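The structure appears right after this line, and notes come after that.
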Amino acid sequence: AQSVAQPEDQVNVAEGNPLTVKCTYSVSGNPYLFWYVQYPNRGLQFLLKYITGDNLVKGSYGFEAEFNKSQTSFHLKKPSALVSDSALYFCAVRDGNAGNMLTFGGGTRLMVKP
Amino acid sequence: DTEVTQTPKHLVMGMTNKKSLKCEQHMGHRAMYWYKQKAKKPPELMFVYSYEKLSINESVPSRFSPECPNSSLLNLHLHALQPEDSALYLCASSQDPRGLGETQYFGPGTRLLVL
């Protein structure tokens, strides 16, 4: 069965500093990996995804993520955090062997302080 | 345009009421989804429609009844709900139901409160 873990409930970072939000996954087939962001009382907004190809994926709002097959990780990164990046971030995975179901991690709250 | 719209934004209903949530997309997507999200938790899949046919029902109680009148519209009919059904209900769509790499695009959600 596919699963996703986001080991940190909350990440705190100062504005202007780099940020990392961690995600690890478990699948039996090829992984299809996604990051979404959710602002308060809003729906999920797609940031980026890894399907195949380059391990470094660039997405919206300056975010990027690095796919690491050996560590089964897909950490979200940004070189310089903004206060407006403060939100709830979800990693999600789809297993190439398990149909079309998307499994979400538990979410990580990012707090960027001025 | 990657917009999924949902109405209403907020809904308060009693346990004996009947109400409906609506979702619409005009991206030509052929897969549509209903999710339920509790506060500070990830979305939980409820239903999936592929080519206007119900393909997945995640053992959702019958007081929730989905409907897909056409390829652009998705409804969720609510009847005799319980207070624990209070949550944010999210609709999503993706282009190809068979595409493993397809992105799901989410609407803003309907915040439901059951009294």
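Annotations for the structure displayed:
- Between the residues B:Leu81, B:Pro61, B:Thr103, the greatest Cα displacement towards the positive end of the dipole of chain B, with unit charges on the Cβ of Lys, Arg, Asp and Glu, is found for B:Leu81.
- Here the label points at A:Asn68 and A:Asp9, each 7 Å from Cα along the C-beta direction, are separated by 2.5 nm in the simple model.
- For the stretch B:47-78, the list of GluC sites (Glu not before Pro) that fall in a loop by DSSP and count at most 13 other C-beta atoms within 10 angstrom reads B:Glu58.
- Once Rg and the Kirkwood radius are both taken over the C-alpha atoms of the protein assembly as shown, their ratio Rg/Rh works out to 0.97.
- Restricting the calculation to Cα atoms, the stretch B:25-115 yields a radius of gyration followed by a Dmax of 12.9, 40 Å.
- Cα-derived Rg to Rh of chain A, Kirkwood definition: 0.96
- By the Cβ-Cβ criterion of under 4.7 Å, the unpaired cysteines of chain B are B:Cys68.
- Residues of the stretch B:79-95 falling in the label zone of B:Met15, defined by backbone nitrogen less than 17 Å from a point 7 Å along Cα to beta-carbon, are B:79-87.
- Cα-Cα over 26 Å, subset of A:Lys22/B:Lys22; A:Lys77/A:Lys113; A:Lys78/B:Lys40; A:Lys77/B:Lys40: A:Lys22/B:Lys22
- Charge tally in the Cβ shell below 11 Å around B:Arg111, where Lys, Arg are +1 and Asp, Glu are -1, B:Arg111 excluded: +2
- Between the stretch B:43-81 and the stretch A:74-114, the alpha-carbon center distance in angstrom: 26
- Inter-site label distance for B:His26 and A:Ala1 at 7 Å from Cα along Cβ, in nm: 4.1
- Per-residue shielding of A:100-107, expressed as the average number of other chain Cβ atoms within 10 Å of the residue Cβ, stands at 6.
- For the peptide B:26-39, the mean number of other protein chain Cβ atoms found within 10 angstrom of a residue's Cβ is 1.
- Other residues lying with their Cβ under 13 Å from the Cβ of B:Tyr35 contribute a combined charge of +1, Lys and Arg counting +1, Asp and Glu -1.
- Which of A:Val11, A:Leu102, B:Ser71, positive extreme of dipole for the protein assembly as shown (C-beta unit charges): A:Val11
- Other protein chain C-beta atoms within 10 Å of residue C-beta, averaged over A:26-38: 2.
- Three principal axis lengths of the stretch A:65-114 [C-alpha, angstrom, descending]: 44, 22, 12
- Among B:Leu74, B:Leu100, B:Leu54, residue whose mean-square fluctuation peaks in a GNM of chain B (springs only between Cα atoms under 10 Å): B:Leu100
Read-outs throughout are calculated quantities, based only on the coordinates presented, and are distinct from any laboratory measurement. All values reported here derive from a predicted model rather than from experimental measurement. So basically every Cβ, Gly included, is an ideal-geometry build from the backbone, and we count neighbours across all protein chains shown.
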